1. With runs of 4+ DSSP H residues as the only contributors, calculate the mean residue ellipticity of the chain at 222 nm using -39,500 (n - 2.57) per run, divided by the residue total and rounded to the nearest 500.
2. If packing is taken as the mean number of other Cβ atoms within 10 Å per residue, what is the order of 42-52, 272-282, 254-264, highest first?
3. Treat every Asp and Glu Cβ in segment 100-215 as -1 and every Lys and Arg Cβ as +1, leave all other atoms uncharged, and give the resulting dipole magnitude about the Cα centre to the nearest 20 debye.
4. Give, rounded to the nearest 20 debye, the magnitude of the charge dipole that segment 11-55 has about its Cα centre when Lys and Arg contribute +1 at Cβ and Asp and Glu contribute -1 at Cβ.
5. If you consider only alpha-carbon coordinates, what radius of gyration and Dmax does segment 1-118 have, in Å?
6. Could you tell me which of rounded, prolate or oblate describes the chain, using a ≥ b ≥ c as the square roots of the eigenvalues of the alpha-carbon gyration tensor, with rounded for a/c under 1.5 and, failing that, prolate when a/b is larger than b/c and oblate otherwise?
7. With only alpha-carbon atoms counted, please give the Rg and Dmax of segment 179-301, in Å.
8. List the lysines whose Cα sits under 17 Å from the Cα of LYS294, skipping any in the same chain fewer than 8 residues away.
Amino acid sequence: MKLWAGRFSKDIDKRTNDFNSSIRTDSRMYRQDIRGSIAHATMLGAQGIISQEDSAAIAASLAEIENDITSGSLVIDPGVEDIHTFIEGELTKRLGEAGKRLHTGRSRNDQVALDIRLYLRDECDETAGLINDLVSSLDSKGEENKDAVMPGYTHLQRAQPITFKAHLAAYSQMLSRDIGRINDAKKRMNVSPLGSGALAGTTYPIDRAMTASLLGFDGYTSSTLDGVSDRDFCVELASALSLIMVHLSRLCEEIIMWCSWEFKFVELDDAFSTGSSIMPQKKNPDIAELVRGKSGRVFGDLMTLLTVLKGIPLAYNKDMQEDKDAIFDAFDTVKICLKTLVPMIDTMTVIKENMRLAAGKGFINATDCADYLVSKGMAFRDAYKATGEIVAMCIKKGLTLENLPIEDYISVCDKFDKGVYEAINLDNCVKRRNL
Ligand code: ARG
């Protein structure tokens, strides 16, 4: 039975129904829908808009419906238009007259705007928690290997010596900002649209502050038109989620490189790697590659939301039903990536010797060599040039800054003395950079 049956003389065409229905996507909001309806019914009773008995009966029956859906004894009918219709229909089946009073002073437009905010609020908390798990996992991996020195890169060319811990800490910083962005968006989203009605509010003496506070909102929306048609929070969240995927993708790209024989800085645990169907020697970092690949899905979700919203007039339009597939997919993707990455990183072995070996090549202590001359009173530009000549000499002789004889140093610049070997020692280079 359609909620809007009265005006129509024909049943809906099956193709229209299938095309129009959103229940496959929005049934996951059944708890939020019921929670919102209980708050609405409680307020209707408190305001005398419906009787206290009806209000109580509705709340009790909705709680039972929630339990029945959760236990599996009530199966959501996929042929129904959406979750709101299904739950209201079930309520009326169970309560008769009283059930039909629930929708007084409310529209599915403010109802869906409410449900999605409630649902995404929980998603924000869960996702922020998972990001925090990844931050902890990166921090402990860095701490476990705090003596590991590796080359830091610019342009993917060995640049200056750093610790592996410092490298991972950069990702912790990015991820901490991501948590901040999710919390900011959540704060802006946390106002109740209930009372906006279809678009122009309602003539019933409803108490918007009461439903807002029953549902844990910080307040309620102040424009009814905006209340039903605002999906900015979906865009903000999809944008924050996209940036998370940028960060995860960059981290994964590094792990993929580090797993290669060319680097071999880390080894993934067998339980978090995969093999090849033909090449017996292969051990592939599929998880990291998939995370890198899945970033595309989340960026696509953001683009979907922007495109869905950009041309629609006020207030609600059915286009907006497309919001949920996109934002749910974005959250699902980010969560599954985080849930898999954390144990992959926890079990990853760091091969410090190889990092150290790589750090010993590529003259990554050349800046420190120049700084040594500066400490002897030379201007940095002159020190830079002299060190460049030293590096060229090393390349010609097949030597490194560590084993180039002091006589060669002095032949380029007489300010050098044996102290230079202390200055270019990799551990010292790392230790002196204590900012
Ligand atoms: N399934 C709809 C959605 O997700 C619910 C709102 C329906 N409102 C309407 N006027 N048809 O947007």
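1. So the calculated ellipticity at 222 nm is -20500 deg cm²/dmol.
2. Working: 42-52: 17.8, 272-282: 10.8, 254-264: 15.9.
Packing order, densest peptide first, comes out as 42-52, 254-264, 272-282.
3. Numbers: 16 positive and 14 negative charges, 115 e Å.
So the magnitude is around 560 debye.
4. 300 debye
5. 14.1, 42
6. Numbers: a/c = 3.48, a/b = 2.77, b/c = 1.25.
Prolate.
7. 23.2, 73
8. Counting by Cα, and skipping residues close in sequence, LYS294 has these lysines nearby: LYS335, LYS339.
The values are calculated or read from the model by the stated rules, or taken from the named source; none is laboratory data. Because the structure is predicted, anything quoted here is derived from the model rather than measured. Virtual Cβ from ideal backbone geometry, glycine too; neighbours counted across all protein chains shown. Calculation scope for accessible area: heavy atoms of the full protein, side chains included, ligands and nucleic acids excluded. Shrake-Rupley method; radii C 1.70, N 1.55, O 1.52, S 1.80 Å.
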